[in-house]
Amino acid sequence: MGASERRGRRPGPQRPPGPDARPTVAMPRPVPAGPVEQTAATEEIRRTSSAPTTTAAAEAGVDVADEPTTAGPTRVGGAAGGRRPTSGARSGPPAAGPPRRRRSLGAALGITAASTVAPGSGHLILGRRRTGLPILITYVLAIVALVLLAFLGRSALIESALSARVLAAVAVVVLAAALGWIVVIVRTWALARPPGLPAGRKLLGTVVVIALCLVVAAPFGFAANLANSQRNLLNELFKGGGTSAAEAFNKPRINVLMIGSDAGPDRTGTRTDTMMVASVDTRTARTILFSLPRNVQRAQFPPGSPMAEKFPTGFRDPREPLSGNYLLNAVYAYAHETPGVAPPGPTDDPGINLLMQTVTYMLGLPLDYFLEVDMEGFSALIDALGGVTVDVGPVPLPIGGVLPNGAHVRPDGYIPPGVQQLSGEQALWFARSRRDSSDYDRMGRQRCLIQAVLDQKSPASLLSNFQSVARVATQNIHTNMPQDLLPPLVELLSDNGVNLSSVTFDPSLPDPSERDGRFNPGDPDVRFMQQVVTSSIEGRPLATPSTTASRSRTDSDTATTTPPPDSPVSLASSCSASDSPPPSGAAATTTR
């Protein structure tokens, strides 16, 4: 009889055991497992077999809830399920592993924020070393390279900031870096995000991640936009046409004619009311400003030129000896009104060409470049820089009050006396007001204004307002400087500082050849002007009776003169509130 039949038979009466019979132990009969019990046993075995793996994964920082668990079919009642416990084995149900940990929303956002601070760190926290480690190393190397470039590559930075091609490449690289960083942030969130989040929490997480991406995108976008604006400024403003950079720096000095024109919405025609020549030493950066008054009469031109033949005694109409149409500031307009009198170069503007010709001849300085700023542009430029602080002086300064024909009318307003923070419009009138002062007074204020801008406007302030400055510059500033001149010029001035001197050809300049011992703008002595320029460049006294070629005068016209100063006076101190301005013809210098 089989075992199944014995199990199915009902037990009958038992015989008493004999003396040699062994005691029998009743064994419990196995009960067939139903579907529910079999499923529970399978789950128990699965948890038991996967407990070590779950624990190890949790210790490694991996979220097991996001990883699918694969388990093959479990045999019940077979070798694993129906085997009796062997000797020494622990009986009872198997020990269950620790419960699976589910990552919270805050933890996922924290990991994503780590990638925002240092790209790749979030991947490392999630255990993805093969991806996170290269990203983090690249980030660290980029930071180290930028720090080394800032401290050791100053020349390279200057050259890069003044090269349109380099700036275009920088803009592309910056945008690519920003895009890559944002991709890392989004990918980290996708890996760290807990599954099955409610819609509200999922929306909250998405908003936070977008904010983190914007934190990264904002500075990169600003940097790319700044590089592109600088590139546009260079391309629009510095188109070249003057002396090549290589030729300019092979000479002892670079000479730039700086022009302030009165072009504006309330003006008809253009006159150059401000004319200065900046002569820069190419070895020491020592710069001298030679200022020419707007009311210089009988302006001279090179012998043999059309203007010299037309005006042999200087730019003047004998029929209108007091006409303002024949002052130095009218040379520009005269070239536009009389074609053919201006030289063909170095620019396409006949007014600039003719003005450069006469200034070159009278000063004896070959001009390499010009830089023109109109009134409206100057005012907007000061506003773009955030204003400028100057000492107005002891009395209010009128705004307007003089008509184009010279007649005095009621001023439109006044600039208060003392140290004032001036807006662009106020700074413009500080530089050009002559209602209760002379042309020479305002020339002194112009030099003080230049000094104030140099002292107060650092590269940081220029950078913070660069967009406005660039927009104003491209619309209101004109020059024929080439782009490749800028890096060596800026580096020269940065290495040596701005050592600024000033010489003004006005009546305060001693001229022993004149009857009153002062320079006469109404009938300038060109040879004396050239000698003053040469003496200033060589560092000798501006003029002495023994070195000045005197004009032919009778003994009765000769007067005793005051010798010029032997040493320069600080231009910065001459513009301070505590000091009175020195004679505007004296050489003044300052180092910044």
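The values are calculated or read from the model by the stated rules, or taken from the named source; none is laboratory data. Owing to the predicted nature of the structure, the values given are computational and were not obtained by experimental measurement. Using ideal geometry, Cβ is built from the backbone for each residue, glycine included, and neighbour counts are taken over all protein chains shown. Quick note on the areas: whole protein, heavy atoms, side chains included, nothing else; ligands and nucleic acids left out. Shrake-Rupley method; radii C 1.70, N 1.55, O 1.52, S 1.80 Å.
Summary table
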{"read-out": "Heavy-atom accessible surface of segment 324-429: percent carbon and sulfur, 1.4 Å", "value": "57 percent"}
{"read-out": "Among Pro344, Ile450, Val373 the positive-end extreme of the charge dipole of segment 340-456 (Cβ point charges)", "value": "Ile450"}
{"read-out": "Cβ-Cβ FRET estimate between Asp523 and Glu337, R0 fixed at 41 Å, reported to 0.05", "value": "0.95"}
{"read-out": "Length gained when the stretch Val140-Arg165 is fully extended (0.36 nm per residue, less Cα-Cα span)", "value": "6.3 nm"}
{"read-out": "Interchain or long-range residues, amide H under 5 Å from Leu397's placed H", "value": "Ile415"}
{"read-out": "Cβ-Cβ FRET estimate between Glu320 and Arg435, R0 fixed at 25 Å, reported to 0.05", "value": "0.50"}
{"read-out": "Positive minus negative residues near Leu327 (Lys, Arg vs Asp, Glu; Cβ under 9 Å)", "value": "+2"}
{"read-out": "Radius, Kirkwood style, for segment 345-413 when every pair of distinct Cα atoms is counted (Å)", "value": "16.0 Å"}
{"read-out": "Added length on full extension, which subtracts the Cα-Cα distance from 0.36 nm per residue, Leu148 to Asp455", "value": "107.6 nm"}
{"read-out": "Net +/- balance of residues flanking Pro346 in space, Cβ distance below 15 Å, scoring K and R +1, D and E -1", "value": "-4"}
{"read-out": "Rounded Å value of the spacing that divides the Cα centres of segment 316-353 and segment 421-439", "value": "26 Å"}
{"read-out": "Listed residues Pro134, Ala169, Val147: farthest to the positive end of the dipole of segment 128-282 (Cβ charges)", "value": "Pro134"}
{"read-out": "Loop sites in segment 279-333: trypsin sites (Lys or Arg not before Pro), DSSP, at most 16 other Cβ within 10 Å", "value": "Arg283, Arg319"}
{"read-out": "Contour excess over end-to-end distance, with Cα ends at His408 and Ala246 and 0.36 nm allotted per residue", "value": "53.3 nm"}
{"read-out": "Rounded if a/c under 1.5, otherwise prolate or oblate - segment 284-326, Cα gyration tensor axes", "value": "oblate"}
{"read-out": "Average accessible area per residue (Å²) across segment 106-219 - probe 1.4 Å, nucleic acids and ligands excluded", "value": "58 Å²"}
{"read-out": "Net charge dipole size for segment 90-234 [Lys, Arg +1 and Asp, Glu -1 on Cβ; Debye, nearest 20]", "value": "880 debye"}
{"read-out": "Burial order of peptide ranges 133-141, 477-485 (average beta-carbon count within 10 Å, highest first)", "value": "477-485, 133-141"}
{"read-out": "Size of electric dipole in segment 264-423: Cβ of Lys, Arg +1 and of Asp, Glu -1, about Cα centre, debye, nearest 20", "value": "520 debye"}
{"read-out": "Charge dipole (debye, nearest 20) of segment 366-521; +1 at Cβ of Lys and Arg, -1 at Cβ of Asp and Glu", "value": "440 debye"}
